[in-house]
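Contents: one structure, followed by commentary.
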Amino acid sequence: MPVKVSIIVPVYNCEAYITKCIDSILENTFKDFELILINDASTDSSPVIIHNYKSVDHRIRVIDLSENQRQGAARNIGIREALSDFILFVDADDWIAPTTLQSVIDNQNQTGADIVAFNLINYFDEHNQQIEIKYKSSSSKIDPRIFILNSPAPCQALFRKSLFLHGLMFPEHTFFEDASIMPAIFLSASKISLLNDAYYFYRRNNISTCRKKDDYRFLSE
């Protein structure tokens with residue numbers, strides 16, 4: 001059955017964080033969604049955890065990949081499988097606020113926007129510190145260039161699925177896949193709406209398995 005929003009979460013070796021991520025989604029006040037978990041050939045206990053969730057909640061779908069294809073490919077698979085016309089991306093070691101889905105859906109219904117963007121909070125494990133990162137805009141008419149200048153992340157907005165299906169998909173089998181596509185996605189939107197609140201918690205943890213920064217990634221083709 002169609003749902004109002006499809007939430008796509010690529011999962012790779014995030015056993016320490018995936019429970020918090022999934023719980024934050026399931027605890028949202030808005031319930032008309034599907035949660036697509038893409039197991040990107042994890043080698044830890046992440047697959048067991050996500051399949052356990054699937055067994056107790058019919059809104060959860062798990063797609064198991066036989067080999068690691070990296071985040072871009074995992075997101076593309078989720079986009080193609082999504083039943084909704086709207087997509088929200090969440091990384092497996094991050095989490096969202098309980099009112100996130102209700103807020104973005106209400107705004108999209110009111111504005112008809114292709115993209116509903118919002119602010120995020122950088123969370124630092126080592127200091128238990130939260131720092132809110134805000135888009136700089138006070139205008140009711142949103143200029144897409146503010147998002148490009150602020151390096152928009154896929155996890156910072158609700159997207160109309162058709163923005164991706166018209167030729168703009170994530171580069172696959174590479175790192176930093178979002179940097180090459182997100183400016184084009186924002187520029188292709190007919191209308192963008194901006195919420196001034198922060199709904200996404202972005203884990204800035206240098207030792208995270210999910211977000212470990214090895215030098216070779218910066219040179220990946």
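The values are calculated or read from the model by the stated rules, or taken from the named source; none is laboratory data. Since this is a predicted model, take the numbers as computed values, not measurements. We place every Cβ from the backbone using ideal geometry, glycine too, and count neighbours over all the protein chains shown. The accessibility values were calculated without ligands, DNA or RNA, using every heavy atom of the protein model including side chains. Shrake-Rupley method; radii C 1.70, N 1.55, O 1.52, S 1.80 Å.
Brief remarks on what is shown
- Residues H51, H58, ordered by accessible area of protein heavy atoms at a 1.4 angstrom probe radius and largest first, appear as H58, H51.
- Ordered by solvent-accessible area of protein heavy atoms (1.4 Å probe), largest first, the residues E67, E34 come out as E67, E34.
- Net charge, D197 excluded, C-beta distance under 13 Å - Lys, Arg +1, Asp, Glu -1: -1
- Nearest-20 debye value, the range 1-91 charge dipole, Cβ charges on Lys, Arg, Asp, Glu: 200 debye
- Probing with 1.4 Å while keeping every protein chain in the model, the per residue accessible area of the range 1-138 equals 43 Å².
- Prolate/oblate/rounded label for the range 20-143 (Cα gyration tensor, a/c 1.5): prolate
- Heavy-atom accessible area for L187, with the other protein chains in place and a 1.4 Å probe, reaches approximately 110 Å².
- Restraint check, K31/K54; K4/K54; K161/K191; K54/K134; K20/K191; K4/K191, Cα-Cα greater than 24 Å: K54/K134; K20/K191
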